[in-house]
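Asks: One structure, as structure tokens, below. Some questions next.
The values are calculated or read from the model by the stated rules, or taken from the named source; none is laboratory data. All values derive from a computational prediction rather than experimental measurement. Note that we place each Cβ from the backbone using ideal geometry, even for glycine, and neighbour counts take in every protein chain shown. Note: areas computed on protein heavy atoms with side chains; ligands, DNA, RNA excluded. Shrake-Rupley method; radii C 1.70, N 1.55, O 1.52, S 1.80 Å.
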Amino acid sequence: MNSIIEKAKSLHQLSKNEIILLLENNSINDNLFKAADEIREKHVGAKIHLRALIEFSNICKRNCKYCGIRIQNKNTKRFRLSPNEILNLSERAVQKGFKTIVLQSAEDDYYNIDILGEILRKIKKNDIAITLSIGERKFEEYKMLKESGADRFLLRIETTDKELYKKLHPGMSYENREDCLKNLKNLGYETGTGCLVGLPGQTTESLANDILFFKELNADMVGIGPLIPHKDTPLKNTPANGFLLSLKVMAITRLLMPDINIPATTAMETLQKNGRIIALQSGANVVMPNINDNELKTKYDIYPGKAYVDYSELEKELKLIGRTISKDKGFRVK
Ligand code: 5AD
């Protein structure tokens, strides 16, 4: 087992079977996390990149079976920020010294290319990187958004198990999602993807395939998080036990992709006390604090109990583990 970890550390390459062995054997976990931490230190250093997360609409046309803001959840209070409200929040991020803004929303077609383009161009008057996370769009739209100033894009594949993908995403197509990711890459976006861990019927083989998919795509960022069942979704009775496995998927991803950006995801912190710091010591190097007002934070209810970042608390915790906050935009350094 430990020779597999050594191999991953030196070659950044593993077979599917080797990944499955690592995922299924829990006696090696401490060594795995330590190895991922060492590789993170060696390739991307001690700095933590902060991304200011702005959630600007929870009005969704999709019906993903795990997600609390799916179209069929009638209990969610919907909101949609105006361009001016988005710009004000972006200004807040700039004032606070963030070097990256993440504009995230449900799949809401209200925001067409004209509206989004204008927002991007206005934000871009500041010296700040912009990440979009707005779901599937056409190639032409991605192209125009890039030209308007977007630098990065986040679109999780969620799962590479095609059967499972189909079950969880009614009316959506796995092939289209993959095409979107390839289009984003080809257009020169720094492209982020990732997966959910703990989906019903998900196997360690399918998680190994997810990791190999990230590598095959040459993703620049990978976000991995445990499923947190939401009471108003068809997955309400799924057990919320994906923390450890999601940490392992993340650590293996770091070993195989040493120079990418990997967030300590909010879902990890939500499911496990100290989950964020544990993740930052097991391969992660990014934190995405939500900068919306409290009222909106709770309305963006993809899963219950979402954890938030207390900035001064985070600074203290980072100091304790020998890490500091980066002052640059935090692009992938190859
Ligand atoms: N639990 C954990 N993560 C979720 N997401 C959506 N619903 C849930 C849930 N119930 C994740 C998806 C999506 C990201 C923004 O949030 O992976 O890509």
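Asks: Stretched out fully, how many nm does the piece from D232 to N176 gain, at 0.36 nm a residue minus the Cα gap?
Replies: On the way: separation 56, 0.36 × 56 = 20.16 nm, distance 2.70 nm.
Length gained, D232 through N176: 17.5 nm.
Asks: Kindly point out, ordered by number, any Cys in the chain whose beta-carbon has no other cysteine beta-carbon under 4.7 Å away.
Replies: C60, C180, C195
Asks: Please report, as a whole percent, how much of the solvent-accessible surface of the chain comes from carbon and sulfur atoms (probe radius 1.4 Å).
Replies: In the chain, the share of accessible area belonging to carbon and sulfur is 49 percent.
Asks: Let me ask you something else. Send over a whole-number figure in Å² for the accessible area per residue of the range 28-319, probe 1.4 Å. Write out the running numbers ahead of the final one.
Replies: Details: 11700 Å² over 292 residues.
It amounts to 40 Å² per residue over the range 28-319.
Asks: Also: I want to check the label-to-label distance for K273 and N294. Put each point 7 Å from Cα in the C-beta direction and report it in nm to one decimal.
Replies: Going from the K273 label point to the N294 one covers 2.2 nm.
Asks: Quickly work out the N29-to-L212 label distance, labels modelled 7 Å from Cα along the C-beta direction, and quote it in nm with one decimal.
Replies: 2.6
Asks: Then there's this: For the chain, take the alpha-carbon Rg, divide it by the Kirkwood Rh, and send me Rg/Rh.
Replies: Numbers: Rg = 18.7 Å, Rh = 20.0 Å.
A ratio of 0.94.
Asks: Is the shape of the range 85-234 rounded, prolate or oblate, going by the alpha carbon gyration tensor and its root eigenvalues a ≥ b ≥ c, with a/c under 1.5 for rounded and a/b larger than b/c for prolate?
Replies: Taking the square roots of the gyration eigenvalues as a ≥ b ≥ c, the range 85-234 is prolate.
Asks: Going from most exposed to least, what order do S10, S246 have by accessible area with a 1.4 Å probe?
Replies: Heavy-atom accessible area, descending, gives S10, S246.
Asks: Now a separate question. At a threshold of 8 angstrom on Cα-Cα distance, excluding pairs fewer than six apart, so keeping six or more, what relative contact order does the chain reach in percent? Present the calculation step by step, with values, prior to reporting the outcome.
Replies: Values: 626 pairs, mean separation 84.3, N = 334.
Once normalised by length, the contact order is 25 percent.
Asks: Which length gain, in nm to one decimal place, applies between T324 and R92 when the Cα-Cα distance is subtracted from 0.36 nm times their residue separation?
Replies: This chain segment gains 81.3 nm when fully extended.
Asks: Cut-off 20 Å, label point 7 angstrom out along Cα-to-Cβ of Q72: give me the residues of the range 228-248 whose amide nitrogen falls inside.
Replies: 228-239
Asks: Per-residue ellipticity at 222 nm for the chain, helices alone: DSSP H runs ≥ 4 residues times -39500 (n - 2.57), over residue total, nearest 500 deg cm²/dmol?
Replies: Theoretical 222 nm ellipticity from helices: -13000 deg cm²/dmol.
Asks: Going by average Cβ neighbours within 10 Å, how do the peptides 93-99, 186-192 rank, with the highest at the top? Each step should come with its number before you reach the end.
Replies: Working: 93-99: 16.0, 186-192: 18.9.
Going by the mean number of other Cβ atoms within 10 Å, highest first, we get 186-192, 93-99.
Asks: Could you compute the net charge surrounding C195? Neighbours are other residues with a C-beta less than 10 Å from the C-beta of C195; K and R count +1, D and E count -1.
Replies: Counting the neighbours of C195, the net charge comes to -2.
Asks: Using a Förster radius of 25 Å, what is the FRET efficiency between N126 and F79 based on their Cβ-Cβ separation? Nearest 0.05, please. Please report the intermediate quantities before stating the final value.
Replies: Working: r = 25 Å, r/R0 = 0.99.
Using R0 = 25 Å, I get an efficiency of 0.50.
Asks: With only Lys, Arg, Asp and Glu charged, each at its Cβ (+1 for the first two, -1 for the last two), find how big the charge dipole of the range 208-288 is about the Cα centre; round to the nearest 20 debye.
Replies: Values: 7 positive and 6 negative charges, 64 e Å.
Computed about the Cα centre, the dipole is about 300 debye.
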